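Below: one structure, written as structure tokens.
The values are calculated or read from the model by the stated rules, or taken from the named source; none is laboratory data. Remember, predicted model here, so these are calculated numbers, not experimental data. For neighbour counting, all protein chains shown are included, and Cβ atoms are generated from backbone atoms with ideal geometry for every residue, glycine included. Heads up: the accessible areas ignore ligands, DNA and RNA and are worked out on the full protein's heavy atoms, side chains in. Shrake-Rupley method; radii C 1.70, N 1.55, O 1.52, S 1.80 Å.
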Amino acid sequence: MLLQNLFPFMSFQLLETLIYIVAALGIILITYGVFLETERRQDLVFLIGALCLFDYALYIGNRIFMIAMAGLALASLVEFIEIMIGLHKEHGKHTLKRIKHFK
């Protein structure tokens, strides 16, 4: 009763509550992933966050949001695989200096 008075809009069905928790986790993970320095960890965090938000988009039936999150998840997975097999090029200070030199 107390929580229903404080949050009358909140549904107390277990599945719906879990969907919102997963969506919140996805938001937190994608935001946290922006600040990670290690690309391998960043890609994994983006992948998990995008999959969490894909589940939420599937639940609400938003196709555009589903496509966006599937694209982000796929891109993160591809980059993670490239890093693991050694095809990914590093973006270090030397690369940034070379790019600045071209301008």
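To keep it simple, each residue is scored yes or no on (1) in contact with a helix residue (DSSP H, G or I) (Cβ under 9 Å, 6 or more places away or on another chain); (2) under 19 Å from Thr17 (Cα atoms); (3) of a type in the set (Ser, Thr, Tyr).
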residue	(1), (2), (3)
Leu51	yes, yes, no
Ile60	yes, yes, no
Arg63	yes, no, no
Ile67	yes, no, no
Leu74	yes, no, no
Gly86	no, no, no
Lys89	yes, no, no
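When Met10 is tested against (1) modelled with pLDDT under 95; (2) in a helix (DSSP H, G or I), exactly one condition is not met: (2).
Within region 19-37, track down each residue that is open to solvent by 60 Å² or more (accessible area, probe 1.4 Å) and of a type outside the set (A, V, I, L, M).
Pass one, region 19-37, residues open to solvent by 60 Å² or more (accessible area, probe 1.4 Å): 20-21, 25, 27-28, 31-32, 34-35, 37.
Selection gives Tyr20, Thr31, Tyr32, Phe35, Glu37.
For region 73-90, which positions are open to solvent by less than 60 Å² (accessible area, probe 1.4 Å) and under 18 Å from Leu29 (Cα atoms)? Hits for region 73-90 are Ala73, Ala75, Ser76, Glu79, Phe80.
Aliphatic (A, V, I, L, M) and either modelled with pLDDT of 95 or more or touching a Lys or Arg at 6+ places or on another chain (Cβ under 8 Å) (or both), is that true of Ile64? The answer is yes for Ile64.
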